Each structure stands twice: as C-alpha cells, then as structure tokens.
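Read-outs: derived from the displayed coordinates by stated rules, not from any lab. All values reported here derive from a predicted model rather than from experimental measurement. For neighbour counting, all protein chains shown are included, and Cβ atoms are generated from backbone atoms with ideal geometry for every residue, glycine included.
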Amino acid sequence: MDQVWLLSAFVLFLLAATASLAAAVWIFPRRDRYGPAGESVLGALSLQALWCLSVMALGPRNPGTLMFLSLSYLAWLWTLYRLFANDGRDNSVRPIRPVVMALGFVELLQLVLVPVSTRFGSLPTAVDMVFEISSTLRLLTCVGALVLVHNLYVGASTAGRQTLRLPAAALGLMWLYDLNFYTVAYLADAVPETLGQIRGAIPLAMAALLALGVANKAGELRLRPSRSVAFQSFSLLIIGGYLVAMVLVAQAIAYVGSDFSRLMQIGFLAGASAAALLLLPSRRLRSWIRVVLAKHLFQHRYDYRAEWLRFTETISRGKGQATSLHERVVQSLADITDSPSGLLLTPGEAGSLVFDTRWQWPGIAVPPDALPPALATIFEREQFILDLDDLREGRDVFGEIENIPEWLRDDRKAWALVPLIHYQRLVGIVVLARPPAVRKLDWEDFDLLRVVGRQLASYLAEQAGQEALSDAQRFDEFNRRIAFVMHDIKNLASQLSLLARNAEKHADNPEFRDDMLVTLRNSSDKLNALLARLGRYGAGGSEGLEGIDVVENVGRVVKRYAAQHPVMLAEQHVCTAMANPDALEQALVHLVQNAIDESAEDSPVLLNITVERPYCRIEVVDAGPGMSPEFVRTRLFKPFHSSKPGGFGIGAFEARELIRAMNGRLDVESREGLGTRFIIRLPLAAAADLLEKQKDNPAGGEAPGNAEVA
C-alpha cells in the first residue's frame, strides 16, 4: 500500500512539473495579458517546476528541495506584487509594498534555516527547534499572502476582476493548502506524510488556472486599494509578528534549559498576554497605526470618499452623544482629525464669540466672552485654521497671538481652531481637542477642514435662517391679528366720530336719538364680537352655518350706513343661504366701507340680491374710480396692500376669507373710471347638500374663490 502511495505521489509531482513548464510555454507569447506580472508568472512557474522535479528526485526534506520551495514562494510573492502594479503603480503598489517586503523577508529566513538544519542535523533538539521555527514562519507567510490575495481581488475594478479571478484563485489555492499543511505540521510536530504526498495536485491545478487565465481577454487591472484593508493587513502582521515573537522567546527559554524554564515560560506568556490585552484595544495605538500608514503608505492622508460618507452620515443622523445639529457639527470635524472632543463658539451680540455647544468635553471652563471681537475679525478676514501648538511656540502670522485668551493658551488639550465661513461671514469657530496620537497639522488637514467647515457653516446659516423665518411667521401672525383689530376699530371709530358730529346738530331730534342708540348698541356688539373673534382667529366663518334670510341681513348693513352715506338695496329677491350671519355681515361691512371710501359723497352704493342657482348672489356696486386689471390681479386680495392713504389693505382680503369659509366665493368686476362691482355667491340652503358633494368631487364642480376682471 505504501508503494502505491509513493508511486501516486511520484506521478502527481511529475504531472505538476510538466504542467508548470507547459503553462509557462503557453503563457509566454500571451504574457502581456497579465501586464507587468507576465514575466513574473513565467519565472514562478519555472521555479515551481524545478521544485516538483526536486521532490521526485531528492525527496521533500532534502535541503535542495527546500531551497527550491523557498525560491518558488519568493517568486509567487513577486508575482502577486506585480499583479498590483498594472496601472497607476505609484499609487496602487505603495500600500502593499511594505507587506510584500515583510513577507519576503520572512521567506528569506527559510533560506537561512536550511544550512542551519544541515549543520546541526545530528542534534535532535536543534532539528526540532528549526522545524518549529520554519513551520511558524511559513504559517506567517501564508496568512499574510492570503490577505494580499484578498485585497488584490476585492480592490480591483469590476473589469479587472475578470482577469484577476483565475490567477488570484491559483495563488489563494496554494497558500490556503499550505496554511493547513503547516498548521498540521506545527501541531503534530512532524510533516504530515499523506498531505505531503498529494501536495503535487496544487501546482498542477495552479498551472491549469494560470493557463486558462490568459485565454480570456485581459480587463482593466487598475487597483483601488482600500485603506481599511491596508490597516487590517498591517494590524494582522503586527499580531502575527507578536505571536511569532512570543513562540520564539518561549521556545528559547525552554531550549536554554534550567529548573525554572517551565515557570519562566508561563510567566513570560502571562506577561505578554497581559501586555497585549492592554495595548491592542488602546485608542492611542490604533491612532498611531493610522497616522503611520497614512504618512508612509498612501499618497494622500485621507480617503476623501470615506471621509465624505462619514461626514454625511454624522451630520444627517448623528452618532453617540451628538444629538443637536450644533453637536453634530463639532463631531463631524473632530472625526476627521481623530479628536476626542470639541467646542462650538458662535458670534454674540457685542461681536465677540461666545460658548454655544460642547461635545464630549465636560471639564473645560469657557468664559462668557470666549474669543474677543478682534480675533473674530481676523478669522473672518483671513479664513485660516489656527494650530494652537504653533501659537504656543511663538509663531504669529496674522496678529492672532495678541488676541488668544488665556483659557485657550493654557489648556494643553486645546489643539486647533477651525473657522466656519459662510459667504465671507464668520458663523462660528470649532475648537478641537488634541488627538491621542499627536501630530502636526499639514496642508491636507487644512484643505479638508476648510472645505468641511464651509459646508458646516452653510448648515448653521440655514438653521439660523429657518429659526428667523419661524419667528417672523409668529410675529406676522400676531401683526395680522392686530391689523384686523385696528381695521375693525377704525371702522367703528369712523362711525362713532360721524355720530358725534351729527349729535351736535341733531341732538334734539327724537328720531336721531333713536338711531344713535341703535348705532351705539351695534358698535358695542361689534366690539364684543371682535373680541370673541380674536379668541378663535383662524376658524373664519365656517362655524355656525345656518339657513339665513339674506335680505334681512343685507338690510341691517344698509341701515347701519344710512346716516353716513347713501347706501341702497336696489334689487332684492327672497333667498335663503347657508351662512354665518356675523361673518356675512362682517364681509359686507368691509366691502361697503371700501365702496363708500372710493365713492363721492353724493354717489350711492348699491346692493343687489338675486338668485343664481345654486347660489344666492349679492352685489356691492359703486361708481368710484375703479381698479386696473393689474391691481386686481396682484394687489387687491393681498393683505397690507392698500390704495388708500393710511389704509391697512385687509378689508377685501378678510371679506374673501370669510366668504370662502362659508363655502362661497367672491368675484370682482372693475373698470377704471367707471366703478367696481363685488359679487358674493353663497350656497342656497336647498342646494347646500349638492354643493358639498361637488366639493368632495371637484371634477363635477367649480372651485370657489376665483377673482374675475370684466
């Protein structure tokens, strides 16, 4: 049975060597399809074939075979490196270059171990030690190489993956098999014979995959390296190196030999584990790793796409303790520089900057006037970002050193001041705390912070505008109520003034005294109704709709103005409309008063009542100067636009709103030089149900409230 296994292994390695050489010959004229990695693939296949032949001729543990295996590993690592460098190699190769170099160095150590093993082959202890070290180094190489293969494929474009799929699969297959192979060898403290005999299937499969890879048209291999993957790869290498160092030191202690070797091993492992638990979760360590990677591995410090996505997520939704917009403004800037906390200062009334919001910085004491007006002016004019460490060292560029307050200068945690500029106006300053890994701010920090600061300033300005608009709307509502009150009081005052003047002439007339009492009673009722309407302003006349006699209601308005101006009910048809009596009278008072104001003293104002099914039609007609079509269209029903000196411009507007609230409509016909006709249409009581149905189904009815100009 053993002979069968040996023969099978021999045949398998023979096929692997043949396939590797055949694949190299097949790829040679098509090597450009692998880009800069073409020659590397040929060299790696050739060394792989030599290793397979050496296994057949000399055996897997022969020093020459082990040398060819290490050279083959180095060739495949170089091939992997060249696959990254198809396009834009200055940008794409740089992040993985240190990782490849580290793995290459680890594999070079294997070449050193081969002569050591040969030299001390007669010592069983030395052989075991070399075997364990070799297995550990090979495991480290396999893990790092698999991470790079993953990054090679995931970081490539969609088109590039079409070409990288098969070579990445070949490399991943080799290192994944070897990872398991050397894991079993390390745990068993011996080479697994069965796995070693079928190991020839791996180069055979690799040759087939690489040959098939050039049969497809090569796609774009431009790499877009991921900073997170680079960070994880670097962290993985640190962890792997730490584990290797632990094993090596522990084994060295054991090989030195003493009565306390086991105790020393246990103590070392416990101490190293405790150090790992303390250091690995450290935010300072993670921050330091990010700074080192950004400084030495990448062309730019920041991944701008990732930074902008994080900024958008923070400012739109917020994370952790940042709930208000002002807190999220501070957090979004602090995240960029890895600052743990920050402050927001905003302009005060006297021109100084005052404390507004803090984010995760409870211990700092900020005075009422945080920054003086002179410093705010400098920031607004120069629009620069201030590094407080430079200021503490005495560097002064724009005269800011004289205006920095002591609370900022003395607090070593305060690190940088970032102005928020919107349309050349300073809307705030963010004070950033010092990050765990201290570094100098450079031009890339300044550019990114300046751009983000402008965006944040626009958000703050927009929020301030929204708050101002909301306040203005509340004041506008208040002013609108007061304007209506003043308008109604003005009408009542006009009536009472006219009554007082006539009382001097007709005080002895009993009929006048009767009319005066009626007018005073009506004025008192109007004032009470005005006060009641103020309490429920906004409901309009939609409350208390009932069937009313329109002729009777219009007649009361005519009598009300009988002593002031000729107001006549010229045409009257009996009609019962669904309306609110008080609201209808108030609307008629507005329209009649406007007609009186626009008419000559002897020019009557006419009121007509007709039936225009399904409406009751009320007309208010005057022979005044009339209105232009433009005035009717753009200003008549606009509140606070009046053509009369001292007028409020709300009579027509309120009349229309009151009539609309009663499900009616108000139209106007006017000619300059001829006069004006206001037309009120109110639903007849008999047709109210039909009109309600039409209102619910607008397709069958006409929308109320349109102004017409004849």
Which FRET efficiency, nearest 0.05, do residue 39 and residue 14 yield, Cβ-Cβ r, R0 25 Å? 0.45
Could you work out how much longer the chain between residue 489 and residue 612 gets when fully extended? Use 0.36 nm per residue separation minus the Cα distance between them, nm to one decimal. 40.8 nm
I need the peptides 457-466, 9-18 ranked by packing, meaning the mean over residues of other C-beta atoms within 10 angstrom, with the highest value on top. 9-18, 457-466
Sorted by chain and then number, the residues having a modelled amide H within less than 5 Å of the amide H of residue 353, at least 5 places away or on another chain, are 348, 370, 371
Phi-derived 3J(HN,Hα) across the stretch 395-403 with the Karplus relation (6.51, -1.76, 1.60, θ = phi - 60°), rounded Hz, x for Gly and Pro, is 7, 10, 10, 10, x, 6, 5, 6, 10
Once you place label points 7 Å from the Cα toward the Cβ at residue 97 and residue 116, how far apart are they in nm? 3.0 nm
With a 10 Å radius around each residue's Cβ, average the other Cβ atoms per peptide and rank 574-586, 437-449, 366-378, highest first. 574-586, 366-378, 437-449
Within straight cross-link reach of residue 413, meaning Cα distance under 18 Å, which aspartates and glutamates are found once same-chain residues fewer than 8 apart are removed? 335, 338, 387, 389, 390, 393
Suppose the chain between residue 498 and residue 569 were pulled fully straight at 0.36 nm per residue; how much longer would it get relative to their current alpha carbon spacing? 23.4 nm
In sequence order, calculated HN-Hα J values of the stretch 46-52 (Karplus, 6.51, -1.76, 1.60; Hz; x Gly/Pro): 5, 5, 5, 5, 5, 5, 4
Calculate one ³J(HN,Hα) per residue across the stretch 106-115 by plugging θ = phi - 60° into the Karplus curve 6.51 cos²θ - 1.76 cosθ + 1.60, and present them in order as whole Hz with x for glycine and proline. 4, 6, 5, 4, 4, 5, 6, 6, 4, x
Relative packing of peptides 599-609, 201-211, 305-315 - highest average C-beta neighbours within 10 Å first: 201-211, 599-609, 305-315
Sticking with the crude label model, points 7 Å out along Cα→Cβ, report the distance from residue 395 to residue 350 in nm, one decimal please. 3.3 nm
Non-local amide H neighbours of residue 567 (under 5 Å, H modeled in plane, Pro and chain starts lacking H): which ones? 605
Which residues qualify? For residue 386, with a placed amide H closer than 5 Å and at least 5 residues away or on another chain, they are 417
